[in-house]
2 protein chains.
Amino acid sequence: MKDRPIGIFDSGVGGLTVFDAISRAYPSESLVYFGDTGRYPYGVRSKGVIVEFSRQIAGFLEDQGCKFIVLACNSASALALEEVASSASVEVIGVIEPGAAAAVAATLSGRVGVIGTEATINSDAYTRALQNLAPRIDVIARPCPLFVALAEEGFAGKPATRSVAEEYLAPFKDDGIDTLVLGCTHYPLLKRDIAAVMGPSVQLVDSATAVAHAVGSRLEERNHHRRSDAHGEYKFYVSDTPGRFQTVGRRFLGREVAPVEVVDLETLHEFGELARTGRRV
Amino acid sequence: MKDRPIGIFDSGVGGLTVFDAISRAYPSESLVYFGDTGRYPYGVRSKGVIVEFSRQIAGFLEDQGCKFIVLACNSASALALEEVASSASVEVIGVIEPGAAAAVAATLSGRVGVIGTEATINSDAYTRALQNLAPRIDVIARPCPLFVALAEEGFAGKPATRSVAEEYLAPFKDDGIDTLVLGCTHYPLLKRDIAAVMGPSVQLVDSATAVAHAVGSRLEERNHHRRSDAHGEYKFYVSDTPGRFQTVGRRFLGREVAPVEVVDLETLHEFGELARTGRRV
């Protein structure tokens with residue numbers, strides 16, 4: 001079990017911020033990453049569709065021998081964690097709880113802002129997770145849908161991004177928050193733009209590091225950590241456009257994303273059948 | 001045959017600009033619209049995936065009794081028209097050729113710009129279509145990927161959109177073009193922003209009207225027009241999030257989008273099998 005890889009998946013490249021945090025914290029672990037580039041973004045889709053896509057990919061990662069699965073996509077974590085966990089035979093964790101715990105640790109005023117995709121914000125998953133940890137916390141959550149496209153297209157730091165950030169984030173300034181959760185794995189790429197609008201009195205919480213620690217302690221508890229001086233092996237799978245994934249992925253990871261292999265949607269569909277019915281088509 | 005509806009499909013809401021043009025030009029025709037909202041946008045995907053999705057939807061529209069199918073999505077028209085036409089039993093037309101013909105009619109200088117998604121621009125479909133009609137024409141084509149998200153999110157006329165338009169379109173100003181093809185059905189929503197950057201000397205070509213005329217003359221040739229004083233019936237199908245489709249669709253169509261029904265991805269997958277193998281799974 002120990003030598004088996006950790007599976008990480010996201011709708012696209014965003015989860016590479018989580019991949020990066022895990023690989024830095026636990027360099028001996030092997031990692032398998034899946035980006036559903038044939039069907040991203042998830043943040044505009046319904047629960048039913050997000051559950052189906054997530055189950056397919058979790059099935060694929062299990063088939064790759066993963067000892068543990070991380071839903072590194074906030075929309076999937078918010079809407080499909082329970083369903084994926086119930087049909088998977090290995091442990092599955094999402095990014096919402098670790099992010100919420102980091103925010104609770106960071107806030108002094110007890111007023112926390114959350115930004116994410118429409119799917120994530122409408123699900124109220126962060127509000128539930130935050131109030132579960134600290135019942136008296138005030139949570140103000142708002143969707144920032146354009147941030148995903150701006151991060152994907154390399155618009156970090158450009159005037160258009162600042163202008164969109166102003167439009168989305170201005171209302172938070174009247175809310176008296178001291179902490180803002182970046183509830184989408186794409187948003188850390190726009191951290192500077194977001195910080196410039198929010199000012200120095202608001203702390204930004206990026207869940208990637210918190211997720212890496214959560215993964216580490218789960219592996220520790222189960223004694224599933226790979227104990228080795230050798231560096232882990234990395235593998236990347238996508239459902240479409242591997243070249244684009246490498247180009248945009250480099251922007252997220254700050255280094256080469258390789259090797260990348262394509263898994264076609266037909267194959268994923270079969271893993272979905274398997275998760276739903278217990279048998280292959 | 002005459003009373004059967006015309007099928008129109010797009011990756012999402014963008015094709016409603018084409019729906020609108022056809023319904024205005026031929027009010028007695030019944031129309032069935034399909035928006036693949038469970039898997040949009042197409043403009044970031046590969047040919048293989050776009051062909052598969054397009055075949056599935058064409059299969060569904062045929063099953064609905066459509067007498068004619070319009071690929072109202074530029075990315076699908078650029079990359080999947082031939083494949084969809086070869087597996088469909090009714091006539092299929094795309095939006096590229098009518099748009100190119102309108103641009104050739106409009107240009108005086110013989111220098112034409114084209115903007116569209118990455119998939120459309122990288123396919124060179126507009127360049128081929130334009131040079132097919134007018135071999136000596138100069139074509140300068142550039143992708144404007146963020147325009148889709150900006151149109152979807154209701155950012156027409158906002159400072160961020162102007163700023164993105166400046167960034168994408170400034171290089172065209174040195175190219176000496178007198179005509180710019182809006183090669184994506186989302187772009188007409190940003191017409192004012194685009195016109196403000198390009199100035200009055202550049203004519204914008206929106207293919208929706210050209211497509212409506214092309215549909216009309218094909219129906220005329222085959223004597224398939226519905227001759228009636230009664231208004232045609234309209235039906236909308238989507239693969240996900242019908243509520244969002246109605247909200248965003250209203251922005252595109254300028255009136256109510258109803259009734260909307262959901263066709264699940266499992267059903268579409270079956271139509272794909274049928275198109276590929278000739279039999280249902």
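The values are calculated or read from the model by the stated rules, or taken from the named source; none is laboratory data. Keep in mind that this is a model prediction, so the values were computed, not measured. Reconstructed Cβ throughout: ideal geometry from the backbone, glycine too, with neighbour counts over all protein chains shown. Just so you know, the surface numbers come from the protein's heavy atoms only, side chains and all, with ligands and any DNA or RNA stripped out. Shrake-Rupley method; radii C 1.70, N 1.55, O 1.52, S 1.80 Å.
Residues that are open to solvent by 10 Å² or more (accessible area, probe 1.4 Å) and more than 8 Å from chain B (Cβ to nearest Cβ) within region A:44-57 comprise A:Lys47, A:Val51, A:Arg55, listed in sequence order. Filter region A:144-197 down to residues that are over 13 Å from A:Gly14 (Cα atoms) and not polar (S, T, N, Q), then give me how many there are. Looking only at that region, the number is 34. Just so you know, in region A:58-73 the residues that are in a loop (DSSP other than H, G, I, E, B) and more than 15 Å from the chain's Cα centre (by Cα) include one that is surrounded by the most Cβ atoms within 10 Å (Cβ to Cβ), and it is A:Cys66.
Sub-9 Å Cβ pairs linking a first residue in region A:9-20 that is assigned to a helix (DSSP H, G or I) to a second residue that is among the polar types (S, T, N, Q) and surrounded by fewer than 24 Cβ atoms within 10 Å (Cβ to Cβ), at least 6 apart or interchain, number zero.
A quick yes/no check of all residues on (1) open to solvent by 20 Å² or more (accessible area, probe 1.4 Å); (2) among the hydroxyl-bearing types (Ser, Thr, Tyr); (3) within 12 Å of chain A (Cβ to nearest Cβ); (4) under 18 Å from the mean Cα position of the chain (by Cα):
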| position | (1), (2), (3), (4) |
| --- | --- |
| B:Leu150 | no, no, yes, yes |
| B:Glu167 | yes, no, yes, no |
| B:Asp175 | yes, no, no, no |
| B:Val181 | no, no, no, yes |
| B:Thr185 | no, yes, no, yes |
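For region A:14-40, the tally of residues that are within 19 Å of A:Glu266 (Cα to Cα) and either acidic (Asp, Glu) or within 14 Å of another protein chain (Cβ to nearest Cβ) (or both) stands at 6. Within region B:261-281, residues that are within 9 Å of chain A (Cβ to nearest Cβ) have Cβ atoms under 7 Å from residues that are open to solvent by 50 Å² or more (accessible area, probe 1.4 Å) and at pLDDT 95 or above in these pairs: B:Gly272/B:Arg55, counting only partners at least 6 apart in sequence or on another chain.
Being more than 14 Å from chain A (Cβ to nearest Cβ), more than 26 Å from B:Leu130 (Cα to Cα) and in contact (Cβ under 8 Å) with a residue 60 or more places away in the chain is a description that does not apply to B:Phe68. Looking across B:Ala156, B:Ala119, B:Ala78, one residue alone is out of contact with any Ser or Thr (no Cβ under 6 Å at 6 or more places or on another chain) and either outside any strand (DSSP E or B) or assigned by TED's automatic domain parsing to the domain that holds B:Arg39 (or both). It is B:Ala156. B:Asp229 - would you say it is surrounded by 15 or more Cβ atoms within 10 Å (Cβ to Cβ), farther than 28 Å from B:Asp138 by Cβ and more than 17 Å from the chain's Cα centre (by Cα)? So B:Asp229 does not fit the description; no. Within region A:232-272, the set of residues being open to solvent by 20 Å² or more (accessible area, probe 1.4 Å) and either of a type in the set (S, T, N, Q) or not assigned by TED's automatic domain parsing to the domain that holds A:Gly14 (or both) comprises A:Thr241, A:Gln246, A:Thr247, A:Thr267.
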